[in-house]
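Asks: Before we start, here is the structure in question, set down as structure tokens.
The values are calculated or read from the model by the stated rules, or taken from the named source; none is laboratory data. These numbers come from a predicted model, not from an experiment. All Cβ positions, even for glycine, are placed from backbone atoms using ideal geometry, and neighbour counts span all protein chains on display. Surface areas here come from the heavy atoms of the whole protein model, side chains and all, with no ligands, DNA or RNA. Shrake-Rupley method; radii C 1.70, N 1.55, O 1.52, S 1.80 Å.
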Number of protein chains: 2
Amino acid sequence: MAVLAPSREVIVQAATDLLDEGGESALTLRALTIRLSTGYGAIYHHVADKNDLLAAAADDVIARVLTGAVVDADPREALRGVALGLFDAIDAHPWVGAELSRQPWRPALLDFYESVGRLLHALAVPERARFDAAGALVNYVLGVAAQNAARRGRGRDQETGRADFLAGVAEQWSELDPGRYPFVHEAATRLREHDDRDQFLTGVDIFLAGIATLRRT
Amino acid sequence: MAVLAPSREVIVQAATDLLDEGGESALTLRALTIRLSTGYGAIYHHVADKNDLLAAAADDVIARVLTGAVVDADPREALRGVALGLFDAIDAHPWVGAELSRQPWRPALLDFYESVGRLLHALAVPERARFDAAGALVNYVLGVAAQNAARRGRGRDQETGRADFLAGVAEQWSELDPGRYPFVHEAATRLREHDDRDQFLTGVDIFLAGIATLRRT
DNA sequence: ACCTGAACACCGTTCAAGT
DNA sequence: ACCTGAACACCGTTCAAGT
């Protein structure tokens with residue numbers, strides 16, 4: 001018997017906890033009823049379906065991140081900060097990355113878009129190009145995020161899992177014929193050593209450098 | 001009773017057909033046994049599990065695309081061609097985008113990486129930066145692809161579905177307070193009119209412009 | 001109005017039994 | 001060796017029945 005009738009807020013929070021603890025596959029309606037000591041009806045009364053629940057949980061996480069907004073004099077620095085904020089949030093909650101990359105128009109990302117758009121304006125990118133540039137940047141951030149999420153598997157085995165996985169791929173790559181795959185063969189070493197966050201930032205910088213060429217003259 | 005015992009190849013092809021016809025949710029083991037007039041054992045004998053099947057189907061599609069390789073004198077043009085080839089393939093088979101963005105180290109993408117790496121070399125990008133630049137570009141392409149895939153829903157309602165969906169989001173955006181969300185409010189118009197392929201190419205061009213700044217001096 | 005929980009219609013996967 | 005298909009252990013979702 002439920003001690004307290006769960007509000008929508010409590011339900012979404014419990015879902016977030018399950019997702020953080022066990023990854024995407026850990027969120028089942030059954031697990032949720034057990035954790036909340038309640039029945040299916042109580043959940044379905046506050047939530048349309050499982051998708052709704054997952055989306056609401058993702059919105060929550062993102063909203064919390066963006067409130068720690070970056071205010072910076074230099075628009076380039078601020079843009080890096082915003083991108084990195086989203087990266088770190090998804091790094092901490094991999095399932096959010098998967099969800100957002102499925103639904104990049106969620107209200108939760110509105111503030112992100114808005115920030116990027118304004119900063120592009122500050123960088124003197126003309127209006128016409130701003131839309132495409134913002135879209136490309138968001139796509140890039142979510143693309144990286146989704147892959148980090150996928151690589152993480154079910155949320156278990158945080159760091160060792162990643163290292164093992166990369167070592168495995170690097171192993172495969174280094175066994176390739178260097179005549180046929182010179183670049184990939186060479187890249188195997190880098191793959192083993194690379195830092196996700198650094199590589200992400202390098203990508204952002206490439207983007208920013210490209211965007212700088214769109215500057216109105 | 002099966003007229004012909006299905007080989008792995010036949011099974012993967014049938015899976016691809018189901019996915020193309022009805023999207024990701026249409027691939028069920030049950031549907032596959034019906035289409036192939038066979039039992040579960042016949043399938044599990046040639047395939048480890050459903051993930052294996054999905055991955056094999058995605059590999060097939062990508063392999064077929066990359067054989068139509070682009071040979072171009074200008075590395076920038078060639079890079080655009082390679083990126084666009086992947087984009088179009090995923091546009092035609094949205095489920096491939098979702099699968100690849102989950103597993104971007106599949107062998108199927110090796111040739112893609114290799115092409116990008118070589119072309120970056122041709123563009124005089126120094127070795128150190130090539131790895132990060134190639135990763136960023138691939139992430140971008142797959143990021144866009146995954147979102148197009150998600151937006152497509154279950155594979156039904158190809159073009160009208162997309163138009164309706166974008167119109168809906170644009171509607172929401174244009175209703176936002178222009179004081180609080182000037183950029184997003186403005187972007188609503190662009191969203192309604194924009195062409196996915198054009199926007200994708202614009203993003204690639206931003207990338208290439210950024211990469212040009214990495215050129216060794 | 002709000003909640004319970006048995007029941008329903010699905011999944012992916014296994015495995016004794018057949019050929 | 002290769003395949004069959006009933007059975008198993010799960011899903012998400014519904015809805016008559018309770019309070």
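Asks: If the label for A:GLY179 sits 7 angstrom from Cα along the Cα-to-Cβ line, what are its distances to the same label in every other copy, in nm to one decimal, shortest first?
Replies: 7.2
Asks: Here's a follow-up. Summed for both chains, how many Å² of accessible area, to the nearest 100, are buried between B and A with a 1.4 Å probe?
Replies: 4800 Å²
Asks: A further question on this structure: Which distances, shortest first and in nm, link A:SER7 to the matching position in the other copies, using label points set 7 Å out along Cα to C-beta?
Replies: Nearest to farthest, the other copies are at 6.3 nm.
Asks: For chain A, set up a Gaussian network in which alpha carbons nearer than 10 Å are linked by springs, and say which option among A:ILE43, A:ILE34, A:ILE62 fluctuates the most.
Replies: Residue with maximal mean-square fluctuation among A:ILE43, A:ILE34, A:ILE62: A:ILE34.
Asks: Assigning unit charges at the beta carbon (Lys, Arg +1; Asp, Glu -1) and nothing else, what dipole magnitude in debye, to the nearest 20, does the range A:4-117 show about its Cα centre?
Replies: Computed charge dipole of the range A:4-117: roughly 360 debye.
Asks: What residue among B:HIS194, B:HIS121, B:HIS93 shows peak mean-square fluctuation when chain B is described by a Gaussian network model with Cα springs under 10 Å?
Replies: Result: B:HIS194 has the largest fluctuation of those listed.
Asks: If you wrap the range A:1-156's Cα atoms in a convex hull and average its projection over all directions, what's the area in nm²?
Replies: Dividing the Cα hull surface by four gives the mean projection, 9.7 nm².
Asks: Of the residues B:VAL141, B:VAL47, B:VAL204, which exhibits the maximal mean-square fluctuation in a Gaussian network model of chain B defined by a 10 Å Cα contact cut-off?
Replies: Greatest mean-square fluctuation among the candidates belongs to B:VAL47.
Asks: A further question on this structure: Determine the residues within the range B:194-217 where the difference in accessible area between the chain on its own and the full set of protein chains amounts to at least 50 Å²; count protein heavy atoms only and use a 1.4 Å probe.
Replies: Residues shielded by partner chains are B:GLN199, B:ILE206, B:PHE207.
Asks: What 222 nm value per residue comes from the helices of chain B, counting each DSSP H run with n ≥ 4 as -39,500 (n - 2.57) and dividing by all residues, nearest 500 deg cm²/dmol?
Replies: After summing the helix terms and dividing by the residues of chain B, the value is -23500 deg cm²/dmol.
Asks: Next question, about the same structure. Report the residue of chain A with the smallest Cβ-to-axis distance, using the rotation axis that brings A onto B, in whole Å.
Replies: Looking at chain A's Cβ atoms against the axis toward B, the nearest is A:GLY143, 1.
Asks: If Lys and Arg each add +1 and Asp and Glu each add -1, what is the summed charge of the other residues whose beta carbon sits under 11 Å from the beta carbon of B:ARG80?
Replies: Result for the neighbourhood of B:ARG80: -3.
Asks: With the solvent-accessible surface defined on protein heavy atoms using a 1.4 Å probe, which residues belonging to the range A:113-138 display a reduction of at least 50 Å² in accessible area in the multichain context relative to the isolated chain?
Replies: The answer is A:GLU114, A:GLU127, A:PHE131, A:ASP132.
Asks: With θ taken as phi - 60° and the coefficients 6.51, -1.76 and 1.60, list the Karplus ³J(HN,Hα) couplings across the range B:29-34 in order, rounded to whole Hz; mark glycine and proline as x.
Replies: For the range B:29-34, the Karplus-derived couplings read 4, 4, 4, 5, 5, 5 Hz, x marking Gly and Pro.
Asks: Okay, next question. Any idea what the relative contact order of chain B is, in percent, if you count C-alpha pairs under 8 Å spaced at least 6 apart?
Replies: It comes to 21 percent, rounded to a whole number.
Asks: Something else about it: Compute the whole-percent fraction of alpha carbon pairs in the range B:71-214 spaced more than 21 Å apart.
Replies: 51 percent
Asks: Which distance in nm do the two modelled labels at A:ARG64 and B:SER7 give, with both placed 7 Å along the Cα-to-Cβ direction?
Replies: Using points 7 Å along Cα→Cβ, the separation is 5.4 nm.
Asks: For a label point 7 angstrom out from the Cα of B:ASP52 toward its Cβ, which stretches of the range B:1-42 have the backbone nitrogen within less than 17 Å?
Replies: B:6-16, B:28-30, B:32-33, B:39-42
Asks: Let me ask something else. Tell me the net charge near B:ARG35. Cut-off is 11 Å between Cβ atoms, B:ARG35 excluded, with +1 for each Lys or Arg and -1 for each Asp or Glu.
Replies: Here the charged neighbours net out to -1.
Asks: Heavy atoms only, probe 1.4 Å: what % of the accessible area of the range B:36-105 goes to carbon and sulfur, would you let me know?
Replies: Here it works out to 54 percent.
Asks: Placing a label point 7 Å from Cα toward Cβ, how far apart in nm is B:ARG192 from its equivalents in the other copies, listed shortest first to one decimal?
Replies: Counterpart label points of B:ARG192 in the remaining copies fall at 5.6 nm.
Asks: Oh, and also: Within the set of other residues whose C-beta is less than 13 Å from the C-beta of B:PRO182, count the net charge using Lys and Arg as +1 and Asp and Glu as -1.
Replies: -2
Asks: So, with +1 on the Cβ of K and R and -1 on the Cβ of D and E, and no other charges, what is the size of the charge dipole of the range A:71-214 about its Cα centre, to the nearest 20 debye?
Replies: It works out to roughly 440 debye.
Asks: Can I ask one more? Can you give the charge dipole size of the protein assembly as shown about its Cα centre, rounded to the nearest 20 debye, using +1 on the beta carbon of Lys and Arg and -1 on the beta carbon of Asp and Glu?
Replies: Computed about the Cα centre, the dipole is about 60 debye.
Asks: Next question. Calculate, for the protein assembly as shown, the solvent-accessible area per residue in square angstrom, rolling a 1.4 angstrom probe over the heavy atoms of the protein chains.
Replies: The answer is 47 Å² per residue.
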